[in-house]
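The block underneath contains the structure these notes are about, expressed in structure tokens.
The values are calculated or read from the model by the stated rules, or taken from the named source; none is laboratory data. None of these values were measured; they are calculated from a predicted model. Here Cβ is always computed from backbone atoms with ideal geometry, including for glycine, and neighbour counts include all displayed protein chains.
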């Protein structure tokens with residue numbers, strides 16, 4: 001594991017930290033459309049956030 005002191009600002013997440021409040025657009029396969037997802041809707045539940053910065057780009 002890396003040392004927390006080597007993390008770069010503005011944010012270095014550690015265990016039990018709360019994620020910043022944010023919303024994002026995401027594809028919902030059950031609705032077959034893009035919808036807004038708010039992190040606040042998952043409060044007090046385990047959530048895994050991941051993204052691929054190169055997906056859906058026209059390269």
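Does residue 24 meet the test of being surrounded by 10 or more Cβ atoms within 10 Å (Cβ to Cβ), in contact with a strand residue (DSSP E or B) (Cβ under 6 Å, 6 or more places away or on another chain) and modelled with pLDDT of 75 or more?
In short, yes.
With respect to the numbered conditions (1) at pLDDT 70 or above; (2) over 17 Å from the mean Cα position of the chain (by Cα), which one is the sole condition not fulfilled by residue 12?
Result: residue 12 passes all but (2).
Where residues in the stretch 18-40 are in contact (Cβ under 8 Å) with a residue 12 or more places away in the chain and in a strand (DSSP E or B), which of them is farthest from the chain's Cα centre (by Cα)?
Ranking the qualifying residues of the stretch 18-40, first place goes to 36.
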